[in-house]
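Read-outs throughout are calculated quantities, based only on the coordinates presented, and are distinct from any laboratory measurement. Since the model is a prediction, treat every value here as computed from it, not as a measurement. Methodologically, a virtual Cβ is constructed for each residue, glycine included, from the backbone with ideal geometry; neighbour enumeration extends over all protein chains shown.
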Amino acid sequence: MAKSINEYEISEIKDIIIETDTIKTFIFDWDMEEGRIPKPGQFMMVWSFNGKQDEKPMSISKIGINNNEIGITIKNVGEFTNHIHNLEIGDKLGLRGPYGNNFSINGNKILAIGGGVGMAPISTFVEYAREKGKEIDVISASITKDELLFTNRLDNCGANIFTCTDDGTCGFEGYATHRTINILEDSCYDMAVVCGPEIMMKGIFNILEDASILAEYSMERYMKCAMGICGQCCLDNTGWRVCIEGPIFTSDQIKQIIEFGKYHRDASGVKHYL
Amino acid sequence: MAKSINEYEISEIKDIIIETDTIKTFIFDWDMEEGRIPKPGQFMMVWSFNGKQDEKPMSISKIGINNNEIGITIKNVGEFTNHIHNLEIGDKLGLRGPYGNNFSINGNKILAIGGGVGMAPISTFVEYAREKGKEIDVISASITKDELLFTNRLDNCGANIFTCTDDGTCGFEGYATHRTINILEDSCYDMAVVCGPEIMMKGIFNILEDASILAEYSMERYMKCAMGICGQCCLDNTGWRVCIEGPIFTSDQIKQIIEFGKYHRDASGVKHYL
Amino acid sequence: MLKTKLCGHRLNNPLLLAAGVMGSNASSMNWILESGAAGVVTKSFSKEANKGYNNPTTVEVTGGIINAIGLSSPGVESFKEELKKINKDVNGNTKNNGKIAIASIYGSNPEEFSFVSSEIEDLVDMIELNISCPHAMKGCGAAIGQDPNLTYKIVSKVKNSVKIPIIAKLTPNVTDIGEIAISAENGGADALTLINSLGPGMKIDITTGRPILHNKFGGMSGPAIKPIALKHVYNVYESVNIPIIGVGGIRNYADVIEFLYAGSSAVQIGTSILYDGPSIFNKINNDLGDFIKSSDFSSIKEMIGIAHRN
Amino acid sequence: MLKTKLCGHRLNNPLLLAAGVMGSNASSMNWILESGAAGVVTKSFSKEANKGYNNPTTVEVTGGIINAIGLSSPGVESFKEELKKINKDVNGNTKNNGKIAIASIYGSNPEEFSFVSSEIEDLVDMIELNISCPHAMKGCGAAIGQDPNLTYKIVSKVKNSVKIPIIAKLTPNVTDIGEIAISAENGGADALTLINSLGPGMKIDITTGRPILHNKFGGMSGPAIKPIALKHVYNVYESVNIPIIGVGGIRNYADVIEFLYAGSSAVQIGTSILYDGPSIFNKINNDLGDFIKSSDFSSIKEMIGIAHRN
């Protein structure tokens, strides 16, 4: 009987890559069996059972189909992620997944836009799309040069990288939105994939809509079961579950998600506006 | 999902064949799906849910693979079977199965011996073995001519039938044991299959052992679950379950079944000696 | 043909969404209604906001899941916003469409139950009292539903506070559910929902030695609990005169039929959404319709309780 | 490495056959012992013969079965013949082989329990008191195990009648199993078996509208009940000082480990024989051995109760 994706695998941290001051990538062994092979855009539920005990969804940032490895990139933003950042090689976490849908590939020339740690699912998509021979332009955005993620990896796989920093320390000076407007002046794309802070994605969405470029956006919400039943991650107004119908939504879907770029709900269900 | 053999199928009695004064064959529609196709020697659990409410194991006497039919031949020996004998076409019974192991075919010339309603599994075996081109001699035994079963069916399939009645009204006058001794004087067999009253099978067993003919015997015990867990039908001294390891046992196995031809246990587990 | 009635409400069919599954906001509940359910029961809420337990809150087991969400909810004031949108038209009026909204509420004492009930009475069609959550905080949930006196007090207090029908949802985790059912009926319950999740149960991770759920224990739900839910419905049907809403492991039309036969007037579906998504409602309605067409029945009503006939 | 102890008896491994499964005669129980079990519990018997219920007595459901065999047994006098042959050598002496025979007995009052116990004391290693069968005749079975006083009376009466260790097998179908467990311990039980079958539950045939079991209701067993059994073991482990034998849905080595971690000193396996046959015992022993080898544990004992550590 194949192992259910809902079954925990207690996994040793095999390697830790310090990506930036606040972002680390944790590498785990992961048997690439039928049903367990992650697709670009999917996420894992990461269970910490020592110290800070909790479990959160985290984007998969590395899919090593040949060496049976996955990477999960985590930004230190609170108590839970801080606890994980303090773990060392050999420490263990519980993993279940992969969950959710994935980015699709439509057309031959694709614009991939990632902001901050949002580059995690973008990076797996870019590598996958490059393997399929697609031409990929990547806008990799962050506050400053040291916070740019995966530049070498993406360069190595043959994507064209357009960095973009708020402070101008690397590449374009300004926001990802501006860089996007900029790049669209020179190039046409068959589609785009986007992941980053929702306020950034909202801006990008408006720009891509104006440019009539269909895109897919990766969303994040507070999650409990990740199996599609608790209802915690359901979106207004369609009710779609980020863990099942998402986390990737198309432009057409985003139009129906009225909370996109506006608000999200916390663990108790109370709304918080951006 | 394939239907479990443990799931009841509430089936209309499609036809009733009056075989003898005390024996009837009940015909039911039965979808011959993977896992549900009976093999010669297997049995069904027959649930009567109106009137006399109970459920008993009954031998399959007809396997209509092409017309999706099964036949179950029942002798009126008590309250339960009497109730079933009073049912009419269109009445319903619950069926589950098929259960148990089956007769095997070893060699080319086979002796099949059935006594009374014990001819039920023998008849399906003979038809099956004839289809495989085997040469089959059948000793069909009963008290009297009117109680002989399936003579035409077996004749039609090309088996050689040697009838045998206690009162000599048809064929050999005497017991199946005597007829067996008799037939072995003229013929050699690669194997034998036997079903009938246990006292008869015990006699046949001794004869076939003397003649060094390996045989398979169909046993019957009080059954409850028919799924191999309740322990009701376990045999001394091996503990084999008639519903799982049986109902068909080889000569070698019969030697280890010390209760064969000696005693059986009733519903409460009390032993009754033959 | 699938139409039925429950406490005076006309229902398009006997299928409702169970409390605690996709019931945290109006959007997901409206989706469920569009997917064929004749009604939804909200996730349980109370007076104050409650974040529930840390994750893991849900773990899959053979035949279902165990969960200890811990009654997370935004509190009645916030949740009213959602209630105003469930099955309502653009003017905020309840659609007259054979579908209903049921609020599931919890509390720690009769006053809290009645306060919350009064607050939301105008926004929903019925109220289900969750006196049976097996993973509630101390004093809430099953602690109530295991005590016939407290059950009576809460039900009667709410009954005297609101005009809409009230349902008591009972826990199976008692020695004698019949006693509790009669207390609820005597307290004035208009219907009973049987059963809340079973156990509770637990799962221990064999590598770490830890209970997986943060709360260690959680209520079990899913197809595995169906035989037990069914037996409680069957038993309680013989002791009370109010309608029973059956819930526990329903995954297909045959399960629904079993619950109707046992004595349920309607059923709730929850955990099986794990396997089949919201489309389970339309699927079951179609299959149930086909069954009835090929049977001697001409309505749902005729099917209720027939297992007691024999 | 798999060796362990239970009430002074050395066991080759922690696996026992559960009562009611392949336990009607010595032959099948000896087969189970040869298949790797370190002990067998007989099918429950009492003073008199009892034919139990008519068929159907067992029906498969999601994740297990429900059964209402109704404690069929040949009565103590007849059954002694079987007891004399379980795990005995040709001279009728118990083999000194790390394997044990446990008699499961039932009755309707303390005197009957103690009479039967005295009758068989010399033929078995331990006695398990079935005070928890959910489908027993009136006054037997779970009716006892739901009453702390009656539990105490029966356990103490038997304890005063025999010298061999006695085990009380408890029903999960109570509001508070802890209370019953403590009564049994106070009564002198040397160990507890947790849990008897769950519910009871029922299955209704949708074509006929009839409950399938002749008794209508039956106890549920099999993998589906594991989370609940485990939780009872975990809870009771914190309230008593006597060893616990865990039973409920064990199908593989990981399940055994969960029960050990929760606080079981040994486990019983029953319904899973439906899926895997008697070879399940050797299979689990092999897998359990492999697990221990690859773990930091060096004995079964070290594994007991570790889920309480965290």
inquiry  = Taking a virtual spin label 7 Å from the Cα of A:Asn182 along the C-beta vector, which residues in segment A:197-236 bring their backbone nitrogen under 16 Å of it?
reply    = A:204
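Taking only the alpha-carbon atoms of segment C:195-310, what semi-axes of the equivalent ellipsoid follow from 5 times the gyration tensor eigenvalues under a square root, in whole Å, largest first? Walk me through the numbers before you get to the answer.
Details: eigenvalues 193, 64, 18 Å².
Those come to 31, 18, 10 Å.
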key: In degrees, nearest ten, helix B:198-210 long axis to first principal axis of chain B (Cα)   = 40
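Just need the relative contact order of segment D:102-171 here, percent rounded to a whole number, with Cα pairs under 8 Å and 6+ apart. Walk me through the numbers on the way to the answer.
Numbers: 123 pairs, mean separation 28.0, N = 70.
For segment D:102-171, the relative contact order is 40 percent.
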request  = Could you bin all the Cα-Cα distances of segment A:9-99 into 10 Å bins starting at 0 and give me the percent of pairs in each, rounded to whole numbers?
outcome  = 17, 57, 24, 2
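Mean 1/r over all different Cα pairs, inverted: what Kirkwood radius does segment D:4-308 give, in Å?
Values: mean 1/r = 0.0528 Å⁻¹.
18.9 Å is the Kirkwood radius here.
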ask   = Where does the Debye-calculated log10 I(q)/I(0) of the protein assembly as shown sit at q = 0.06, 0.08 Å⁻¹, using only Cα point scatterers of equal weight, no solvent?
value = -0.57, -0.95
key: Long-range amide H partners of C:Leu11 with built H, under 5 Å   = C:Thr4, C:Lys5, C:Leu6
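Direction-averaged shadow area of the convex hull around the Cα atoms of segment B:231-272, nm²? Let's see the in-between values first.
Working: hull surface 11.2 nm².
Seen from a random direction, the Cα hull of segment B:231-272 projects 2.8 nm² on average.
Per the Kirkwood treatment, what hydrodynamic radius in Å, one decimal, follows for chain B from the mean inverse distance over all distinct Cα pairs?
By the Kirkwood definition, the hydrodynamic radius is 18.8 Å.
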remark   = Using alpha carbon centers only, segment B:9-41 is separated from segment A:93-130 by a whole-angstrom value of 59
query = Quick one: Debye curve from the C-alpha atoms of segment A:191-270, no solvent, what's log10 I(q)/I(0) at q = 0.12 Å⁻¹?
reply = -0.32
task = State, as an integer percentage, the relative contact order of segment B:220-274 based on alpha-carbon contacts under 8 Å between residues 6 or more apart.
result = 31
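Using a cut-off of 13 Å between beta-carbons, work out the net charge of the residues near D:Asn93 (Lys and Arg +1, Asp and Glu -1, D:Asn93 not included). Can you show the working numbers first?
Values: positive: D:Lys84, D:Lys85, D:Lys88, D:Lys95; negative: D:Asp89, D:Asp122, D:Asp125.
Taking every other residue near D:Asn93 into account, the sum is +1.
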inquiry  = With the cut-off at 30 Å, tell me which of the pairs A:Lys224/C:Lys84; D:Lys95/D:Lys301; A:Lys271/C:Lys283; B:Lys24/D:Lys51; C:Lys169/D:Lys216 have Cα atoms farther apart than that.
reply    = A:Lys271/C:Lys283
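In peptide C:255-265, what is the residue-averaged number of other protein chain Cβ atoms found within 10 Å of each Cβ? Could the numbers behind the result be given before it?
Values: counts 3, 1, 5, 7, 1, 3, 7, 4, 0, 0, 0.
Shielding by partners across C:255-265 averages 3.
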key: Globularity index of segment A:103-218, i.e. its alpha-carbon radius of gyration over 2.2 N^0.38 Å   = 0.93
task = With θ set to phi - 60°, apply the Karplus curve 6.51 cos²θ - 1.76 cosθ + 1.60 along segment A:16-30 and write out the HN-Hα couplings as whole Hz, x wherever there is a Gly or Pro.
result = 10, 9, 7, 7, 8, 4, 10, 10, 10, 10, 9, 9, 10, 5, 8
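Report relative contact order for chain C in percent, whole number only (criteria: Cα-Cα under 8 Å, sequence separation at least 6).
With pairs under 8 Å counted, the relative contact order is 19 percent.
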key: Under-5 Å amide H pairs with D:Ser104, H placed in peptide plane, nonlocal only   = D:Thr42, D:Phe45, D:Glu128
note = Applied in sequence order to segment B:168-178, the curve 6.51 cos²θ - 1.76 cosθ + 1.60 (Karplus, θ = phi - 60°) yields integer Hz couplings, x standing for Gly and Pro, of x, 6, 8, x, 4, 9, x, 7, 4, 4, 5
request  = Could you tell me how many degrees, from 0 to 90 and to the nearest 10, lie between the Cα long axis of helix A:119-131 and the main elongation axis, the longest principal axis, of the Cα atoms of chain A?
outcome  = 70
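Give me the count of lysine pairs in segment B:103-218 whose alpha carbons sit under 24 angstrom apart, restricted to pairs 8 or more positions apart or on different chains.
On the way: B:Lys109/B:Lys132; B:Lys109/B:Lys134; B:Lys109/B:Lys202; B:Lys145/B:Lys202.
Total qualifying Lys-Lys pairs in segment B:103-218 comes to 4.
Give the calculated FRET efficiency between B:Ile16 and D:Asn282 to the nearest 0.05, with a Förster radius of 60 Å applied to their Cβ-Cβ distance.
Details: r = 48 Å, r/R0 = 0.80.
The calculated FRET efficiency here is 0.80.
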ask   = Short version: ³J(HN,Hα) in whole Hz for each residue of segment D:267-279, in order, from phi by Karplus 6.51 cos²θ - 1.76 cosθ + 1.60 (θ = phi - 60°), x for Gly and Pro, what are they?
value = 9, 10, 10, x, 4, 5, 4, 3, 8, 10, x, x, 5
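Determine the shielding of peptide B:7-13 by partner chains: average, over its residues, the number of Cβ atoms on other chains within 10 angstrom of each Cβ.
Numbers: counts 4, 9, 1, 5, 1, 0, 0.
Per residue, the number of nearby Cβ atoms from other chains is 3 on average.
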request  = May I ask for the distance between the Cα centers of segment B:178-252 and segment D:10-77, given as a whole number of Å?
outcome  = 26
key: Amide H contacts under 5 Å for D:Gly201, placed H, 5+ residues apart   = D:Gly218, D:Gly219, D:Met220
request  = Quick one: among B:Cys243, B:Cys170, B:Cys233, which has the greatest mean-square fluctuation in a GNM of chain B with alpha-carbon springs under 10 angstrom?
outcome  = B:Cys170
task = Just tell me how shielded A:52-62 is by partners: mean number of partner chain Cβ atoms within 10 Å of each residue's Cβ, no decimals.
result = 2
Inter-probe distance in nm under a simple model that places probes 7 Å from Cα toward Cβ, at D:Asp290 and A:Ser212 = 6.1
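May I ask for the percentage of alpha-carbon pairs in segment D:150-256 that lie more than 16 Å from each other? Show your work: numbers first, answer last.
Working: 3504 of 5671 pairs.
Tail fraction, whole percent: 62.
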query = Running Debye on segment B:1-159 with equal point scatterers at the Cα sites and no solvent, what base-10 log of I(q)/I(0) appears at q = 0.12, 0.15 Å⁻¹?
reply = -0.50, -0.79
ask   = How many angstrom lie between the C-alpha centres of segment D:277-310 and segment D:196-211?
value = 35
